[in-house]
Amino acid sequence: MAERVGVYVCHCGSNIAGKVDVADVAKFASEHIKDVVVARDYKFMCSDLGQKMVEEDIKKEGLTRVVVAACSPHLHEKTFRRACSNGGLNPYLLDMTNIREHCSWVHKDPVAATEKAKSLVSASAERVKFQQPLEPMYVDVNPTTLVVGGGIAGLQATLELADAGHKVVLVERLPSIGGHMAQFDKTFPTLDCSACILTPKMSEVGQHENVRLLTYAELEEVTGSVGNFHVKIRQKARKVDFDLCTGCGICVEKCPRKVVDTEFEAGMGMRKAIYMPFPQAVPRVPVLDTESCIWFERQRCQTCEKLCPTKAIRFDQEDEIIEVDVGNIIIATGWKPFDCTKIPQYGYGRLPNVYTGMEFERLCNAAGPTSGKIVLRDGKTVPKSVAIIHCVGSRDLNHNPYCSGICCMAALKFAHLLIEKTGAQVYSFYIDIRTNQKDYEEFYQRLLQEGVHFVRGKVSEVTDATRRPDETGKTIVQCEDTLTGRQERYPVDMVILMGALEPQFDARELGLKCGISCSMAGFYTERHPKLDPVATMTDGIFIAGVCQGPKDIPASVVQGAAAAARVAGMITKGKVMIEPIVASIREEDCSGCRICNNMCPYNAIEFDETRAVSRVITALCKGCGTCVSACPAGVIEGAHFNNSQIFAEIEGALWDAVPPAGVPGESESAGVSAS
Amino acid sequence: MSDDSFEPKIVGFLCNWCSYRAADLAGTARISHAPNVRIIRVMCSGRVDPTFVLKALSLGADGVMIAGCHPGECHYIEQNYKAMRRYYMLQHTLKAMGVEEQRVQLVWASAAEGQQLADAIDKLVADVKALGPLGWSKNWAENGDRIRALEDIVNEHKEALEVPR
Amino acid sequence: MKYAYYPGCSLEAGSAAYDVSVRAVAKVLGFELEELDDWNCCGATEYFSQDELVATSVIARNLAICRPDQKELIAPCAACFLNLKKTDQLMAEHSEVRSKVNEALAAGGLHYDPGQVRVRHLLDLIYTDIGEAALREKIKQPLTGLRVAPYYGCQVVRPMNGFDNTEYPMKMDELFTWLGAEVVDYPVKAHCCGGHMTQISEGAAYELIRRLLDSAVEHEADLILCMCPMCQLNLDAYQALVSSYFQKNFQMPIIFFTQLLGVALGLDFETVKIGKEIVSAGPVIKAKLGAAPSQTGA
C-alpha cells in the first residue's frame, strides 16, 4: 500500500520565506513527489498551531509519513516527533529537512535557494517513505556517580550529590584534592583567603559518608553507556598503607631527602621524598615519590619505614586497578598553566626576576615558601617596582587565540597585594582590561585609585640589556604604550607573566576514553554553548569547570553544581531513554566473516562461535553505522539510517538530474518524476 | 572547458555531530556559500558506504562531499579514520573509472567551523565547475548496449552471484 | 650533499672572509656548494621599496637559472637569503605577481614556478642537515673557554623563514654550545644593527650599534658572531667611530660564525680569513684557546 506523506514547509517568519519561495516548494511537493497527499506552507511550524496542523492532518488525512522542512533537526526534531505522537503516528516516521541554516540563511540568490529547498524536500520525502516505526529503549540508571577531578568544580559537584543522598566516587590524580585553588593566596575581588573557603569543603568531602575518595588515582578505562558505565581506575602506589597510616607526619619530618616541589609550590619551595603536598591536604596520607627516594635510588635509608609508628610504609606496594559501576560521569579535570618558556623574549627561565603567575601566588601565600613575604629569588630583596604582563600565551595567534578570562582579575589582585605588602610601583601591561562579572569592574576602579600604572600595549621584550644608567641591575620591560604611541622602557625589579589557562596535557586522551570531544583549543565541547553548557554529546557524561573553557572560581562552582543537578535529575528519573538508532545483524544471512567485529570502537559486536555469526549487543551500540557500511553482504541494518532510506534520499536529492534512462534497476526505490 | 552557466549538482554526506552542525553554524552565522550541495545527514562519516557515492554519481551528481569530525575528534572515537580509509580506497576505484579525484572530497569540520565548511563547499563547487559536468548517467544511457551486455552476463551467472543462505 | 650556492655581492667584496670561510667549512663538513652560473643582484635592502615588481623579477631570475637538479639554494648573506625567499613566497601567494614576473623572465627565455627551489640559510643547513652528532665528530679544536655572543640580526629570523624562533632565536647558540664555546645569553641577538642608517642618520645608527656592543661587553663576551655582512660591517667598521661618539673604548672583535666554526674544525686563521676584520679576533681566540693555530695573519 502506498504511503500517505504530508509535507510542511515553514516560513519561519521571514527567515525562510524571505529567501525561499515557500509556496512554490509546497506546490512542487504536492505536484511532483509521489505519494504526497498534503503539502502546506505555514508561518511558524514550531508554534502550537503549526504542530496542531500536523496532528490533525495525521488524523484527518490519514498521513502515514511526515516531512517538516524548517530549521535544523537539532533544534526541533523533538518538537515534531511529539506532534506526530500526539497525532497517533510513530515519532520515527517523521523526517525534518533543514531549509533554514542550510539554505535560506546562506544563499544569496532566491531562485537557487528555492531550487535547493525543493531538492532537500524531495530527498526528505523519498527517505521518509522508507522509515520504519521504532520504539525508544529505556535502561535503569545506576545512582552512583563518578566525578573526575578534585578541584573546586569537582568538589562542588561531589558535595551537591553526596548531600542529596547519592553515592559519589571522586577520583583525583594528585595526592590531595583541592586543585589549583588550594595553591592560591587570596581570591578576587573580595580578597578572602582561598584556603579559608576551600579547606572546609575539602574536609567535608574527605569525611562524607556518601563519598568514596580515590586520590593519587587516574581514570584508566570507561565502558558502557549512560546509566551504566563500568569504569577502571588506576590507584597509583603511594607506597603507604592507606588504612594503617594515621597521618602523624613523622615520616615526612624525618625523611632526609629534599627536592624542589614543582607541583604544589610551582618550583618555589622544597618538599621531602615522602610528602603531603600541603598542610591541609585531604586525605592526610603521604605519598612516597620513588624517583627521589633514597631507598629506590640505592637501597639505603628506610628512615620512614623504621620510624613509622603503625608500620604503614610499603616499599613493595604496586599500582592497583579499582573497578566501579556508575550511572553518570562528571569530568572536572581543570587546566594547566601555559609554559612561559615558549615566549623566550619574555625571559622566563633565563632572567631570574621573571615569575609566572603561579609562582607569585606561592610567593604571596602566607603558607608558602617565604611565609608570604614578597622577595626576589635571593630571598631578601623586596621589589620596589614590578611589571605585570597580561595575556602571556592568550589572545596570541602564535599560542592560544582565546582569552583566558581570569588573568585580568588575577593581575589586579596581584597588583593590590604588591602595593599592600611592599608599596612597590606596579606597572600593568594589558591589551584590554576585562572585568565583566559582578563587582569586578569596581575592583578595577579601586586599583586605579591605588595607583597602579596601567600601560596599554603588548610587551615586545623583557631584557637585561641596559641602555641607560638607571637600567643597571634592573629587568627592563620594553613596550609601546599604544595610548601615547611611544616606545617606552620600564626598568623594574620583578616581572610577573600572566600565563594562559591551557587544557590539561591529557585532555584529549581522557576525552577519547570517555567518548567526548574537544574544541580546537583542547577544551571539552559542551552539548550546546548556551543552552546546555555542562552536558556533552555523550549522554551521561557531563563537564564542569575550566576543562570546558577558561573560567573563574564562581563560574566553576556554578558549573559543578549544574552538572550535579543534571545528574541528580537522571537519578531521580531512574530510567533513561536511548534513541533506538542502533545496528542489528540479520543472523540468518551473516556469513560470519567477522569484518564488522573490528569496526566497532565500543566492542558492541560479539561473535557467536557456535553458530559462527556476529551479533550486535544493543545496549553497547551507539549507532554510528560504520559496521553497516562495512558488511560485505549488506546484512547489517542501521535503524533509521538504513541503505534503502539513504539510497532513496540520494535519489530524491537528485530529482532534477539527468534521469538514468537505460540503466536497469534504477528508479525502483523512489518515484520522483523529473519535471 | 567549463561552461559559465554550468551549476554542478553535488550531494554532501555530513555527520550528525560535527560537520552537520558546522553547516548549521554557517547558517546561524550567515556565512554565505554556494547552493550546489544537497546535504544528507548520516550519524557518522563512518556510515558513508562507498556505494552511496557511486549511487549519487550514477544518478547525475557531478560531485560528492563527505564530511566528518576532525581526526581524533570523532564522536564515535575513531570512526572517521575508517571513513578516511574507505575514501582513499574509493578514490582508487574512481580513478580507475576515470573520475577526477577533485569530484569527491573528504572534509573535516568541527561543530565550531562553519566558516571552514562553507569554504570547503565553495572550493568543491569551484573545482567541479572547472571540471565540467560528469554526465555519468547520460553516458550510461548512450552506452545502453554495453550496459545491456553487462546485464546479460549478470543474469547468466545469477545463481553463482547469489549470497548463499 | 650538494647545494646550489648564491654568494651575493658582499661576499665577493667587503665580506670575502664570509665567502672564503663558508667554502672552507663546506669542504671539511663534506657538502658541496655549486655557485650559480651568472647570478645577479638580490636587490639588497632597497630595491623592494623602489619598485616591487621589478625587484621581484630581477631576484626571480636567480631562482629561474637554477637547473632542474638544483633543488636547494644556499645564500649565506642575510639580505640575499631574505629576498630570494620573499620572492619565492610572493610568487606563490599572488598569481598576478607570478604571471607578471614570468612575463618578464620570458624575455630572457626563463620561467620560474614558486616552490621549485627551496631557499635556505647556511645556518639552517649546518644545524639541520649536518646536525649535532656529525659536527661533534669533526671538532679538532674545541672552543672551550671562549665566550661568544651569537648575533642573528633582523633578516634571517623573520617569521616566514621558519627555521628558528623569530623573537629569540637559538640555533646559533646551540651550534656553538656543541662546539664547546661558552655561549652568552645575548639579549639583543635579534635587534637592529643600524642597517643603512649609518648613511642617513649616523646618530641613530651609532646608538643602535652601541647597544649591541654594550650588551656584549656587559655579558663579558670575547667576540660577536654574525651571519650577515651588513651586521658585521656596522659593528666592526663603525666600532671606532661609535667609540669616539660615545667616549667609550670598544675593542669587540666581530667575525662571521663560519670563521669560528672553521677554527673549531681545525682550520687555521688564514684559511678562514681571521685577521681581515678591523678589530682583530686572532689574539683573543689564541689567548682563550691556548694552543693557537699556526698562522695568525693578524
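See the values below:
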{"read-out": "Qualifying positions in region A:488-514 - part of a loop (DSSP other than H, G, I, E, B) and open to solvent by 10 Å² or more (accessible area, probe 1.4 Å)", "value": "A:D493, A:Q504, A:F505, A:D506"}
{"read-out": "Selection within region A:184-219 - among the polar types (S, T, N, Q), assigned to a helix (DSSP H, G or I) and buried (at least 22 other Cβ atoms within 10 Å of the Cβ)", "value": "none"}
{"read-out": "Top-ranked residue in region A:515-561 [being modelled with pLDDT under 85 and in a strand (DSSP E or B); ranked as farthest from the other protein chains (Cβ to nearest Cβ)]", "value": "A:H528"}
{"read-out": "Scope region A:331-346; condition open to solvent by 20 Å² or more (accessible area, probe 1.4 Å) and under 27 Å from the mean Cα position of the chain (by Cα); matching residues", "value": "A:T333, A:W335, A:K336, A:P337, A:D339, A:T341, A:K342"}
{"read-out": "Qualifying residue in region A:54-70 (condition: under 15 Å from A:C10 (Cβ atoms), under 31 Å from the mean Cα position of the chain (by Cα) and either within 14 Å of another protein chain (Cβ to nearest Cβ) or of a type in the set (D, E, K, R) (or both))", "value": "yes"}
{"read-out": "Selection from region A:270-295 of residues that are outside any loop (DSSP other than H, G, I, E, B), of a type outside the set (A, V, I, L, M) and surrounded by 22 or more Cβ atoms within 10 Å (Cβ to Cβ)", "value": "A:R271, A:K272, A:Y275"}
{"read-out": "Residue selected from region A:103-113 under the condition open to solvent by less than 10 Å² (accessible area, probe 1.4 Å) and either in contact (Cβ under 8 Å) with a residue 24 or more places away in the chain or more than 17 Å from B:I121 (Cα to Cα) (or both), by the criterion nearest to the other protein chains (Cβ to nearest Cβ)", "value": "A:H107"}
{"read-out": "Number of the condition not met by A:V576 [criteria: (1) under 30 Å from A:R395 (Cα atoms); (2) outside any helix (DSSP H, G or I)]", "value": "(1)"}
{"read-out": "Residue selected from region C:185-207 under the condition of a type in the set (A, V, I, L, M) and surrounded by 20 or more Cβ atoms within 10 Å (Cβ to Cβ), by the criterion farthest from the chain's Cα centre (by Cα)", "value": "C:A205"}
{"read-out": "Whichever residue in region A:541-565 is under 16 Å from A:D163 (Cα atoms) and in contact (Cβ under 8 Å) with a residue 60 or more places away in the chain and, among such residues, is surrounded by the most Cβ atoms within 10 Å (Cβ to Cβ)", "value": "A:A563"}
{"read-out": "Criterion (of a type outside the set (S, T, Y), crowded, with 17+ Cβ neighbours inside 10 Å, outside any loop (DSSP other than H, G, I, E, B) and within 14 Å of chain C (Cβ to nearest Cβ)) met by exactly one of A:V386, A:V455, A:V462", "value": "A:V462"}
{"read-out": "Count of region B:30-44 residues which are buried (at least 23 other Cβ atoms within 10 Å of the Cβ) and without any contact (Cβ under 8 Å) to a residue 60 or more places away in the chain", "value": "8"}
{"read-out": "Region C:243-273, residues that are in contact (Cβ under 8 Å) with a residue 12 or more places away in the chain, closer than 22 Å to C:I209 by Cα and either assigned to a loop (DSSP other than H, G, I, E, B) or not assigned by TED's automatic domain parsing to the domain that holds C:D214 (or both)", "value": "C:F246, C:K248, C:F250, C:Q251, C:M252, C:P253"}
{"read-out": "Extreme residue, surrounded by the fewest Cβ atoms within 10 Å (Cβ to Cβ), among residues of region C:1-35 that are assigned to a loop (DSSP other than H, G, I, E, B) and over 18 Å from the mean Cα position of the chain (by Cα)", "value": "C:G30"}
{"read-out": "Region C:156-184, subset open to solvent by less than 30 Å² (accessible area, probe 1.4 Å) and in contact with a Phe, Trp or Tyr (Cβ under 7 Å, 6 or more places away or on another chain), residue modelled with the lowest pLDDT", "value": "C:V156"}
{"read-out": "For A:H166: the one exception among (1) under 23 Å from the mean Cα position of the chain (by Cα); (2) over 19 Å from A:P283 (Cα atoms); (3) in a loop (DSSP other than H, G, I, E, B)", "value": "(1)"}
{"read-out": "Cβ pairs under 8 Å, 6+ apart, first in region B:48-74 and more than 30 Å from A:Y524 (Cβ to Cβ), second open to solvent by less than 10 Å² (accessible area, probe 1.4 Å) and among the charged types (D, E, K, R)", "value": "B:L57/B:R103; B:D62/B:R103; B:G63/B:R103; B:V64/B:R103"}
{"read-out": "Residue within region B:9-17 that is without any contact (Cβ under 8 Å) to a residue 40 or more places away in the chain and either assigned by TED's automatic domain parsing to the domain that holds B:L90 or not charged (D, E, K, R) (or both) present", "value": "no"}
{"read-out": "One residue from A:A604, A:A648 being more than 28 Å from A:V67 (Cβ to Cβ), more than 7 Å from chain B (Cβ to nearest Cβ) and open to solvent by less than 20 Å² (accessible area, probe 1.4 Å)", "value": "A:A604"}
{"read-out": "Conditions (1) more than 14 Å from chain B (Cβ to nearest Cβ); (2) open to solvent by less than 30 Å² (accessible area, probe 1.4 Å): number failed by A:G165", "value": "(2)"}
{"read-out": "Residue count for region C:134-155, restricted to those that are touching a Phe, Trp or Tyr at 6+ places or on another chain (Cβ under 9 Å), surrounded by fewer than 20 Cβ atoms within 10 Å (Cβ to Cβ) and of a type in the set (A, V, I, L, M, F, W, C)", "value": "2"}
{"read-out": "Within region A:31-114, strands (runs of 3 or more DSSP E) holding 3 or more residues that are hydrophobic (A, V, I, L, M, F, W, C)", "value": "A:36-42, A:65-70"}
{"read-out": "Matching residues, region B:63-101, being open to solvent by 50 Å² or more (accessible area, probe 1.4 Å) and on the phi > 0 side of the Ramachandran plot", "value": "B:G98"}
{"read-out": "Qualifying position, being out of contact with any Gly (no Cβ under 9 Å at 6 or more places or on another chain), among the aliphatic types (A, V, I, L, M) and in a loop (DSSP other than H, G, I, E, B), among C:A240, C:A221", "value": "C:A221"}
{"read-out": "Selection from region B:1-48 of residues that are at pLDDT 95 or above and among the basic types (K, R)", "value": "B:K9, B:R38, B:R41, B:R47"}
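The values are calculated or read from the model by the stated rules, or taken from the named source; none is laboratory data. Predicted model, so just to flag it, every value in this text is computed and none were measured. Positions of Cβ are backbone-derived with ideal geometry, glycine not excepted, and every protein chain shown enters the neighbour counts. Accessible surface areas use protein heavy atoms only, side chains included; no ligands, DNA or RNA. Shrake-Rupley method; radii C 1.70, N 1.55, O 1.52, S 1.80 Å.
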